[in-house]
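Readers should treat all values here as calculations from the given coordinates under stated rules, not as data from a laboratory. From a predicted model like this one, the values you see are computed outputs, not experimental measurements. Cβ coordinates were reconstructed from backbone atoms using ideal geometry, including for glycine residues, and neighbour counts include every protein chain displayed.
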Amino acid sequence: MCGIVGAVAQRPVSGILLEGLRRLEYRGYDSAGLAVLEGDTIQRLRRAGKVANLSQAEQDMPLKGFSGIAHTRWATHGKPTENNAHPHMSGSDLAIVHNGIIENFEPLKQQLQSDGFIFTSDTDTEVIAHLVARSVNQGKSLQDAFLETVSHLEGAFALGVLHKDYPNQILASRKGSPLVVGVGIGENFIASDQMALLQVTDRFIYLEEGDFVQVTPDTLVIWDAELKQVDRPVKTFEHSLSTVDKGEFRHFMMKEIYEQPEVVKATLQGRISEKHLLEQAFGSDATAAFDQADHVQIIACGTSFHAGLVAKYWLEDMAGIPCAIEVASEYRYRKHVIPAKTLFVTISQSGETADTLAALRAVKGKVLASLAICNVPGSSLVRESDLCLMTNAGPEIGVASTKAFTTQLVALLMLSIALARRHGLTEAKEAELVQALHQLPVLLLAAVKLNKDIEVLSQDFAEKNHALFLGRGPLYPIAMEGALKLKEISYIHAEAYPAGELKHGPLALVDKEMPVIAVAPNNALLDKLKANLQEVKARGGELFVFAGADHIQPEEGLKVEQMPDVPEILEPIVYTIPLQLLSYHVAVLKGTDVDQPRNLAKSVTVE
């Protein structure tokens, strides 16, 4: 959750850098800074707090250089102070900006300190600056020094480097964190997000994993991870695809369903390496809190509550620590017992949900630490929590949550891995889980491509007024979310049950007018679920099953939508997609207002 902007031009760049930082404020940050090369001197300004503070400092001391780098920081290593703000420097010759987390910074720091380098911050980033400087001091070119440094780094990063002896030049590289090159005329740019540069260009090169680029006003030279010079295509940014425009879609909800592969990728970027979770993404104090936590309390409302229910399965299975989950409006109005060393987790898309905020305020000073899973930087929930993880879903316009929900699940899965590390999770198992997360965007894309099939399936619901959703294990909360989506936007009465509860009441409702929707991935509970489906079929019920490939066959009264094969840990996330699509298409058939269903609000800021 931080931003990079860099510029090399034939005009002063400080205004471009500051405007770029303003355009990245939506990402969330706690400090900001810029470094500009004036003559043979790098001038640096940094401020804790908002970009406005930095802008005022620049007005008081104008920077007039033609090349520079800038950054907004969200603290991972070290408190949000001016000393820890980027850019970081090694002496007065070199400045660097960095997004991501360097896993092996501690041994590198010890080595550099033994070589006489003095550290002035608590960050992992300063290690990179000193490594580059050390290589330059040994006689290497800036390019060779930068490449050598990158080879020593483990973790995730996007980097931009400025050196006083290499005017009109920025070097940059990416691994696990996004970075784009903005293409101008007589000027070129780098940024972590093209939104930062739309005031100066709409032409971009999207760097690929491992790419390294040399940027000057007139040239762009790119090398790939194998150090082969490559050409990357220049693409024009389509302004019509902005987050406040439906683009090719009829409704925002469908647009946001289709965005899920990309926004989940954004949730993961900079937070996982090839084999490891980079838990510093939760904040500079996260490691200490996670080390001590032996109980988790999750508080949420609506869709976010369903995400929390899934997390309970993950936490207790992987970490083996107790997890309680409760609706915020109930928790805040009852007497509750808080076990010692409780990590108090709140989940909210907006960060302004009144009941969730009230629950957080009620436990202030009574819990080990509070952690917010949220989509809106600067929201009340984020400001008032000790730790936070932003979901990076981008603005969600449709009232019925889609991409906010799946990104919450991803964030909670990362939390589960972080806590499980303290309770027996092996490195091999962590690597397996992280590799599954790397697959997730592709699996979500495969699920989204079922759209046309599900549109056809939805025809069977056009005249229905009731529906029953079934699931087992962590897929039961996904069934609950499917039922909520259907009732929210189609106004069909829908309920969800654990499939094993059919005989304890709901079976009395089953007939041909009560469609039953089941989520049935191929896991250890599949045979149990098949038996539950037979109970429905024997009573004349109409079944619609989303199943793992070829594990349930269609027959009379049983329609099956085949899902892609999915690692078991990801099943709740991927199986969410078809239920969203089903609710959407049924709502369109019913003629309801999909994006703004009656009686509902996007952000519930009252009791």
Inset, instruction - Measure out, as a whole number of angstrom, how far apart the alpha-carbon centroids of the stretch 93-139 and the stretch 342-359 sit. - result: 38 Å
Legend entry - Qualifying GluC sites (Glu not before Pro) for the stretch 127-231 [loop in DSSP, other Cβ within 10 Å: at most 13]: E208, E209, E226
Legend entry - For N522, residues with placed amide H under 5 Å, excluding near neighbours: G548
Legend entry - Computed over the stretch 451-590, Kirkwood Rh from alpha-carbon pairs, angstrom: 14.6 Å
Legend entry - Beta bridge orientation in the chain: antiparallel %, DSSP, nearest 5: 60 percent
Inset, instruction - Would you work out if the stretch 252-447 is rounded, prolate or oblate? Take a ≥ b ≥ c from the square roots of the eigenvalues of the alpha-carbon gyration tensor; rounded if a/c is under 1.5, else prolate when a/b is larger than b/c, oblate otherwise. - result: oblate
Inset, instruction - Taking a cut-off of 12 Å between Cα atoms, list the aspartates and glutamates near K235, but don't count ones fewer than 8 places away on the same chain. - result: D202
Legend entry - Rounded tilt (10° steps) of 576-590 against the dominant C-alpha axis of the chain: 60 degrees
Inset, instruction - Obtain the radius of gyration and the Kirkwood radius of the stretch 473-543 from its C-alpha atoms and give Rg over Rh. - result: 0.95
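Taking a ≥ b ≥ c as the square roots of the eigenvalues of the Cα gyration tensor of the stretch 1-118, is the shape rounded (a/c under 1.5), prolate (a/b larger than b/c) or oblate? Don't skip to the answer; put the middle values down first.
Values: a/c = 2.01, a/b = 1.32, b/c = 1.52.
Taking the square roots of the gyration eigenvalues as a ≥ b ≥ c, the stretch 1-118 is oblate.
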Inset, instruction - Would you mind checking the tilt of helix 475-490 against the longest principal axis of the Cα atoms of the chain, expressed as 0 to 90 degrees and rounded to 10? - result: 80 degrees
Inset, instruction - Find, among the GluC sites (Glu not before Pro) in the stretch 507-559, those assigned to loop by DSSP (not H, G, I, E, B) with at most 10 other beta-carbon atoms within 10 angstrom. - result: E556
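Can you tell me the order of 496-503, 473-480 when each peptide is scored by its average per-residue count of other Cβ atoms within 10 angstrom, highest first? Display every interim value, and only then the final one.
Values: 496-503: 19.0, 473-480: 24.9.
Highest-to-lowest ranking by the protection proxy: 473-480, 496-503.
Label the stretch 3-237 by shape, choosing from rounded, prolate and oblate, from the square roots a ≥ b ≥ c of the eigenvalues of the Cα gyration tensor; if a/c is under 1.5 it is rounded, and otherwise prolate applies when a/b is larger than b/c, oblate when it is not.
rounded
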Legend entry - Unit charges at the beta carbon, dipole of the chain: most positive-side option, S14, V367, Y166: V367
Inset, instruction - Please work out the Cα center distance from the stretch 407-449 to the stretch 170-226, rounded to the nearest Å. - result: 29 Å
Legend entry - Degrees separating the helix 105-114 axis from the principal Cα axis of the chain, which is the longest one: 20 degrees
Legend entry - Evaluated at q = 0.11, 0.23 Å⁻¹: base-10 log I(q)/I(0), Debye formula over Cα of the stretch 57-157: -0.34, -1.36
Legend entry - Reachable aspartates and glutamates from K464, criterion Cα separation under 20 angstrom, eight or more residues apart if same chain: D453, E455, E481, E488, E495, D511, E513, E542, E556, E561, D593
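Quick check on packing: order 120-126, 434-440 by the mean number of other C-beta atoms within 10 Å, highest mean leading.
Working: 120-126: 20.9, 434-440: 17.6.
In decreasing order of mean packing, 120-126, 434-440 become 120-126, 434-440.
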Legend entry - the stretch 452-492 and the stretch 267-329: distance between their alpha carbon centers, rounded to Å: 27 Å
Legend entry - Where Cα atoms sit under 18 Å apart: lysine pairs in the stretch 252-447 separated by 8 or more or lying on different chains: 10
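In the stretch 451-590, what percentage of the DSSP-assigned beta bridges are antiparallel, given to the nearest 5?
Working: 1 of 21 bridges.
Around 5 percent of the beta bridges assigned by DSSP in the stretch 451-590 are antiparallel ones.
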Legend entry - Within the chain, helix-based [θ] at 222 nm, where runs of 4 or more DSSP H residues each add -39,500 (n - 2.57), nearest 500: -10000 deg cm²/dmol
Inset, instruction - Set the Förster distance to 56 Å, then compute FRET efficiency between E463 and K64 from the Cβ-Cβ distance, nearest 0.05. - result: 0.20
Legend entry - In sequence order, calculated HN-Hα J values of the stretch 49-62 (Karplus, 6.51, -1.76, 1.60; Hz; x Gly/Pro): x, 7, 4, 4, 5, 5, 4, 5, 5, 6, 5, 6, 9, x
Legend entry - Sequence-distant lysines (8 or more away, or on other chains) whose Cα lies within less than 19 Å of K79: K50, K109
